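The values are calculated or read from the model by the stated rules, or taken from the named source; none is laboratory data. This structure is a prediction, so every number in the text was calculated from the model and none was measured. Positions of Cβ are generated from backbone atoms using ideal geometry, with glycine treated the same way; all protein chains shown enter the neighbour counts. Just the protein is used for accessible areas: all its heavy atoms, side chains included, with ligands, DNA and RNA removed. Shrake-Rupley method; radii C 1.70, N 1.55, O 1.52, S 1.80 Å.
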Amino acid sequence: MAGMRMAAPLLALREGFSALAVGFLLALFALTQVFLALPAGRYADRHGLKRPVGLCVVAAAMGAGLAVAFPIFPVLCLSALMTGGATGVASISLQRHVGRAAQNATELKKVFSWLAIGPAVSNFIGPLTAGLLIDHSGFRAAFLFLALLPLATWLWVRRTVELPPVAVSQGTAPKKTWDLLREPLMRRLMLVNWLLSSCWDVHTFVVPVLGHERGFSASVIGAILGAFALAATLVRVVVPVFASHMREWVVVATAMMITAVLFAVYPFMHSPLAMGVCSVLLGLALGSVQPMIMSTLHQITPEARHGEALGLRLMAINASSVLMPLLFGTAGAAVGVSVVFWSVGLAVGAGSRFAWLLRPESRHGEALHFTRK
């Protein structure tokens, strides 16, 4: 999906489509996830890891394969829907699996740091390799490479041992998903997660547009996005080493303030090297966040509803990812992409106070559901 999110908008730009059209295309990567997230979470709670991941492999490979056969804008939109939806459902299943495997809060931070390395590596390999293939062999070759990647996923997942299902008390009335949002801590966590997700979205959207405006090649644009992903990978390698000394709310709040500063200066960076440095620093800040968010989420939700909570989180951030690129595209066409950077930076800086409210002393006795045998 990371490679498709870079290659498909770049093809649209080269075909003469506007920033608004590119924003619409990027929004489609999240649209399917909005509708599939909650059903996928419940499905994972019932069926575990391998069955949902297997279905996702088929959908992702077919989605990228369609772009090989028909590299035109309507088909790129369909490819975005399929690859985005497959990635979202697979991520819910994987996150639920490793979260249940952890034995305590420190292990949660460690396992989610290791798990988050996968997407970070993907965000490096996908855009960079796609950019190189586009420059040297064309868009069809890039889409073909991306269509083969999901098949490797199944080779690694198919022998995974499923964890035993969570016992649910007989006669208990099923709870509504929205009941999870009645917890104040869950609402704060969702708001912080949405702000940080918007930062990823705006970076993914603005860098190809800025690079295209400044005449950068596809390889250079892919390298800038790849530098961001590589930095996110490196910081996630470090997190497990210091997991026992890290506090989730401190890491998240600090990352939000650093991100706000970087977004303020990013539009003034005109050379590939300067944009690359900002991209690396941004990757270090945002890359440290997801393990902390996921660790907190698993501590405040019942084990039998982990998949459901993960689905709710994914639905919320992808609903934003559908709307925000459209907003970015409209704003970029009207007032310039620099204003988009500054606006999101201001919002995430102001929202950092909610991250501080995730600290234990601010919970005022709110019960944690995190228990392990």
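One table, with the values for the structure above:
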item	result
Yes/no for residue 276 being on the phi > 0 side of the Ramachandran plot and free of Cβ contacts under 8 Å to residues at least 60 places away in the same chain	no
Region 237-262, residues that are in contact with a helix residue (DSSP H, G or I) (Cβ under 6 Å, 6 or more places away or on another chain) and modelled with pLDDT under 85	239, 240, 243, 244, 248, 249
When residues of region 1-41 are limited to those that are closer than 12 Å to residue 82 by Cα and open to solvent by less than 30 Å² (accessible area, probe 1.4 Å), the one modelled with the lowest pLDDT	30
Residues (of a type in the set (Gly, Ala, Ser), in a helix (DSSP H, G or I) and open to solvent by less than 50 Å² (accessible area, probe 1.4 Å)) located in region 102-123	105, 113, 116, 118, 120
Checking residue 71 against (1) touching a helix residue (DSSP H, G or I) at 6+ places or on another chain (Cβ under 8 Å); (2) part of a helix (DSSP H, G or I); (3) of a type outside the set (Lys, Arg); (4) surrounded by fewer than 21 Cβ atoms within 10 Å (Cβ to Cβ), the condition it does not meet	(2)
Tally, over region 125-162, of residues that are surrounded by fewer than 23 Cβ atoms within 10 Å (Cβ to Cβ), of a type in the set (A, V, I, L, M, F, W, C) and farther than 21 Å from residue 62 by Cα	2
Positions within region 4-45 being of a type in the set (Gly, Ala, Ser) and either within 27 Å of residue 335 (Cα to Cα) or touching a Pro at 6+ places or on another chain (Cβ under 6 Å) (or both), in sequence order	7, 8, 12, 16, 18, 19, 21, 23, 27, 30, 44
Residue among 230, 262 that is in contact (Cβ under 8 Å) with a residue 40 or more places away in the chain and more than 20 Å from residue 116 (Cα to Cα)	262
